[in-house]
């Protein structure tokens, strides 16, 4: 590979990282905000995977096999099962405004400056080897690529001079990067957007590079994993896959413990886990993504180690370099360059975050306490001084790390260097967890424990590394400082059988924890009351002086805004004079802690209260009591809220966020920058409205409506469907002094269950059909064992028992194998006779055909069984054993099992009522046809009747005239002289019986005219009654309609009853369907006549029909003197198909139709009044139109 190309690639990658960091640093939102915030956060935690992981894990696997996984098992277990511990660390650190692990441990132990200094010194000394590891890895990999493709003598190469050493060049470049992006803000609690973005990107780069190398090794250099494993079989490398030695080793579990502690206690891990955390909800994403990342980046470690042993084992190539040298051996220069960039990303990401965290600790806990008083008294800008201190700290840390690389040389591997720092970081664990979980952690115990653990770590790990490098005599490793084997640094007090890491971890943590307990027991705690008793009087200063102090260090604009926002969240305005319990005191401490550290912040605020005659220690104590009380209350509230299954928010009277829990953030799916103490609720409402949280509608209208409701202080309760389909139940209750407490409950499951319940009835039929089809298929395709048959019959019985249709299964021998309850009932099989199964079908029923009754074998059922074809008949007749004929519709399907045994399934239903209804419908159809025919005939008859009537009228007129002429002639003949003509005229008159004709002919003509009039009336009534119905209501004369109906039905009632009518003469026309009301009147009149005829009383009876106007309605009553209606059936007479008549004489549809016409179509009422044996009165009311 060309050296120029190599340098250009490295420079391009560095420039790209610089550009990305600058672009991210200019963003207004933190790096972890937005939808990918949790992903960025989890990837930044992957800074845990340094060059140790990229190069050193392969080196450790090449010698220790599966044991390398111990380093990653600890973090994986902690993030999967110890997330509450991590959450508590984050919450506590945020509550104390801690900028580093030194700040947090100090804050939980009384803000001890001495403790913060000790933690910082341990961190700097303990982590220097780890930083030097990264510089060494970069230098070695750089040197390998410069000599591409020569790998000879790689193990024996001497380091170049300092001015040519790539490690020092890298250190200088990283120094510039850290200064540019690690000290842009002096508030260390502010997120370093540029750094975090770069670290997340570098985590992706190193993962992709490592996977690319692993893929090439397995599938490029070998024919897959199977080929690789087959080639190492029988070689020493085969033992690398043996899991038992590692799992059974105390050394392995010691590394698991150290790595679990390191993932919290390493300064860089604390920086990304706590300080760079923008939302506690991101921890949930990291809980699964970070372990997944660790698994992914270790997938190819063992294959690469085994391949390196096979390919490069005889070339004396260090195993730490296999990731880089295998692509070179495989003549893949671009892959080698990608591997180098991956290793460079792993190393630089660690150094950037680690050095930034250490510089903050050195500045806040070592330097600032020394210059604090002069800095407060001086007129110089403290911000510039603090930035200068941190930048000098960055340079010093990186140069010391490089010096360590030069000192130890090649005496230690990458993994061993990293584990030295792991054990150092583990020393923070006892003090950290004591501060988190003890109610009264001991400051003295923490100092004693850390000092003892650090001393043991230095004696058992750090100092021996110098002896191995030749800076001390190697005899030190065997005898220690005093020449006795009991003090041998790797077998302290005679403890053998452990490797150097587990040995140092055991003794250092034992000394640490033991001295903590001793210090806690020996140290005394003075009560708050005791300190208060020494108070010489009230200590107050103007509250504005606290704000002025803070503004000097964090900027005037930011300080003024912070104090104003905090004051807005208070229920009452803060007093102008500030005492130790003033709310501004805690705020000032937190704001200053981000710049100078917790301990220095406490001193600065105490100094603001300083004055003559006042004990500064007493002031600091009072401040600590007030601050601790506030933080304790907030911590208790936060713990209580976070243990709730519901989301909870509390807002003040100005609708600003005061308290919330993690569940609220999860349910509301809010970005981290929206949820903060004092954040306006309007911003959250606006976010929800514009992201569909309130459903459809114009966003600004939704916002205005909700804010107006909240400002009124009214309670609310609603359910909101979120854009992802989940449903939240939100209940808000106003607080007495203003504000709200609101709960958010995920009711998605309940909501979906209710939806499913609502749809269950609609789906029931399809489910039954699907299940029935499934059962039928099972019967056809598989043999039924006894158990399967029983279960199938139980399922089938449950289905068939619920059917109205009868179901029979009949064997080829004509024996009933199954019958459901409906079949038994339809066939008249009494339950007391036992089971119907086993009886021959011919004993219970036969089929009746045109040629008589048929047995099973001769019936269609038998033929269907014989020829294997289904059959159905919609009009058949079964004859039961009792001789009763049942009209049925049936279908039969032949079945055959695998053994060849055949049977037939018969399903049938009683269609007696259906056939009766069909007959009645047919009769009604015929009557309708007759009615239409009668209407046509009436129309045809009407014409001749009309001219007959006209002719009769003419004849009547002519008769009058003829009679007059005849009488005149008769008179003339009587007076005329006797003549032959007169005699003949008299004879004709006598023969024709003229007097009789003159008397009776007019009467006969009149009677003919009356008959024609009656015919015309009947024809008119027939036409009106049979007039076809209309689709819309029309105005009709109810009195005339009743008269027409009486005329049409005259033949029905004339023999059994007389009809009396009492029609209201002023009855208004009714808007109705006339033809349908005519049918109602006819049904009621016919029923009345039939009731009178069936009563057995002397005939004729009486039918009384009245009409009237009652309360805005037309009332029609039909009263008869028939049998009456018994009370037992009075409520059922309007039910469809209910009848008391014999079969064939009534369908039970008449009154049901009447009620449907009156109630449903006309909105009226139809009621009955009756006494048994005394007749009945039907009352119909139809409302008049407005």
Notebook entry, point to check: Restricting attention to the alpha-carbon atoms of the stretch 797-844, what are Rg (one decimal) and Dmax (integer), both in Å?
Noted result: 10.2, 28
Margin query: Under the 0.36 nm per residue contour assumption, what length would be gained going from the current alpha-carbon distance of residue 948 and residue 701 to full extension?
Written below: 80.6 nm
Check: If we count other beta carbons within 10 Å of each Cβ, what is the order of 835, 746, fewest first?
Finding: 835, 746
Check: Scaled to the compact-protein estimate 2.2 N^0.38 Å, what is the alpha-carbon radius of gyration of the stretch 784-894, rounded to two decimal places?
Finding: 1.07
Check: FRET efficiency for residue 208 and residue 749, Cβ-Cβ distance as r, R0 = 35 Å, nearest 0.05?
Finding: 0.30
Notebook entry, point to check: What does the highest-first list of 983-996, 1044-1057 look like by mean Cβ count within 10 Å?
Noted result: 1044-1057, 983-996
Next item on the list: For an R0 of 45 angstrom, estimate the FRET efficiency from the Cβ-Cβ distance between residue 884 and residue 721 and round to the nearest 0.05.
Entry: 0.15
Notebook entry, point to check: For 851, 1120, 1037, what ranking results if the residue with the fewest other Cβ atoms within 10 Å of its Cβ goes first?
Noted result: 851, 1037, 1120
Next item on the list: Report the calculated FRET efficiency for residue 1054 and residue 858 (r = Cβ-Cβ distance, R0 = 51 Å), to the nearest 0.05.
Entry: 0.40
Next item on the list: Quick one: grab the alpha carbon gyration tensor of the stretch 1030-1186, order the square roots of its eigenvalues as a ≥ b ≥ c, and give me rounded if a/c is under 1.5, else prolate or oblate depending on whether a/b is larger than b/c.
Entry: prolate
Next item on the list: Round to a whole angstrom and tell me the spacing of the C-alpha centers of the stretch 729-760 and the stretch 279-351.
Entry: 49 Å
Notebook entry, point to check: Between residue 334 and residue 496, 0.36 nm times their residue separation minus their Cα-Cα distance comes to what?
Noted result: 53.6 nm
Next item on the list: Any chance you could tell me what percent of the C-alpha pair distances in the stretch 644-746 go past 18 Å?
Entry: 44 percent
Check: Can you sort 775, 952 so the residue with the fewest Cβ neighbours within 10 Å comes first?
Finding: 775, 952
Check: If you stretched the chain out fully between residue 1097 and residue 253, how much longer would it get, using 0.36 nm times the residue separation minus the C-alpha to C-alpha distance?
Finding: 292.9 nm
Note to self: With the crude spin-label approximation of a point 7 Å out along Cα→Cβ, what separation in nm comes out for residue 310 versus residue 811?
What the structure shows: 6.9 nm
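Readers should treat all values here as calculations from the given coordinates under stated rules, not as data from a laboratory. This one's a predicted model, so the numbers in the text were calculated from it and none came from an experiment. Note that each Cβ is placed from the backbone with ideal geometry, even for glycine, and that neighbours are counted across all protein chains shown.
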